[in-house]
Structures are given as structure tokens and as C-alpha cells.
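Below is one structure, written out as C-alpha cells; comments come after it.
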Amino acid sequence: QVQLVESGGGLVQAGASLRLSCAASGRTLSNYAIAWFRQAPGKEREFVAVITWSSGNTYYADSVKGRFSITRDNAKNTVYLQMNSLKPEDTADYYCAADRAAFIATDPNEYDYWGQGTQVTVSS
């Protein structure tokens, strides 16, 4: 079992930055891929970014490429999502998820463990 806890959400103005954290416990993540998804009210859950723990390979949704950055801290067993140049359309609940297969996957059904989410609101 892997437990994931997100933090770092909040209310910011357009153009601001936030850094989300996803702290993992229960197992080492060396064989996992960790992703961020988001879900806006009335919309489906949407892939944002993913990182493979062992190699550090990353992949981003086109909508966030160049603005968001996903990184990991091995010592803290934590994945971060640095979000810059935030836009109102980035407003959503953000979730981190872990995939035991450690592939670069954008389908939420591929992920085995989920956190409870953290809310991000970007005002115009």
C-alpha cells in the first residue's frame, strides 16, 4: 500500500506561482510513476504531468507544458508540481497518483493509488 498526501494548494491571482507537494508513505517509490491530475467542477479528471521515480523521465499535458514542472525528492519521498504563470483555467482540485507499472501513462485508470487532493483557485 502507498499513501499519498497532497498539500500546497490555495487561492492566487493569475500569473502567480504555487508549488504542490505529494508526500508518499508506505513503500519506496523506486518502481513507481507518480502523476498529477486535476479535476475542475463539472469536468472529467485530466492528466497534468508524470514522473518515473527511478529514471526521472517526465511528460506533460500540452496545456501546462512550459509552465509546470514535476520533480521528485528521493530523500523525502515527495513529488512536487511547480506551477508558474497560473491561469484561471488552471483552477481545479489537484490529485497525485501512483502507478506500480512505472510507465508514462495519462489515463487515470492506470493508476493504483490516489491522494485526497488539494484545491487550487486562480482568480483573474
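Tabulated data for the structure shown
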{"read-out": "In the range 72-85, the residues that are in a loop (DSSP other than H, G, I, E, B) and among the hydrophobic types (A, V, I, L, M, F, W, C)", "value": "Ala75"}
{"read-out": "From the options Ser69, Ser54, Ser21, residue that is in a strand (DSSP E or B), in contact (Cβ under 8 Å) with a residue 40 or more places away in the chain and not β-branched (Val, Ile, Thr)", "value": "Ser21"}
{"read-out": "Those residues of the range 60-71 which are open to solvent by 30 Å² or more (accessible area, probe 1.4 Å), within 20 Å of Ala105 (Cβ to Cβ) and more than 11 Å from the chain's Cα centre (by Cα), in sequence order", "value": "Asp62, Ser63, Lys65"}
{"read-out": "From Ala102, Ala97, Ala40, residue being under 19 Å from Ser25 (Cβ atoms) and either more than 13 Å from the chain's Cα centre (by Cα) or not small (Gly, Ala, Ser) (or both)", "value": "Ala102"}
{"read-out": "In the range 35-66, the residues that are hydrophobic (A, V, I, L, M, F, W, C) and modelled with pLDDT under 95", "value": "Trp53"}
{"read-out": "Selection status of Val122, open to solvent by less than 20 Å² (accessible area, probe 1.4 Å), in contact with a Pro (Cβ under 7 Å, 6 or more places away or on another chain) and modelled with pLDDT of 95 or more", "value": "yes"}
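For (1) closer than 22 Å to Pro88 by Cα; (2) not aliphatic (A, V, I, L, M), each residue gets a yes or a no:
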residue	(1), (2)
Phe37	yes, yes
Ala40	yes, no
Lys43	yes, yes
Phe47	yes, yes
Gly66	yes, yes
Thr71	no, yes
Asn77	no, yes
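Results for (1) closer than 13 Å to Gly115 by Cα; (2) open to solvent by 30 Å² or more (accessible area, probe 1.4 Å); (3) without any contact (Cβ under 8 Å) to a residue 60 or more places away in the chain, shown as yes or no for each residue.
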site	(1), (2), (3)
Gln1	yes, yes, no
Ile34	yes, no, no
Gly42	no, yes, yes
Phe47	no, no, no
Asn74	no, yes, yes
Tyr95	yes, yes, no
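The values are calculated or read from the model by the stated rules, or taken from the named source; none is laboratory data. What you see is a predicted model; the values in this text were computed from it and never measured. Cβ atoms come from the backbone with ideal geometry, glycine included; neighbour counts cover every protein chain shown. These accessible areas exclude ligands, DNA and RNA; they are computed on the full protein's heavy atoms, side chains included. Shrake-Rupley method; radii C 1.70, N 1.55, O 1.52, S 1.80 Å.
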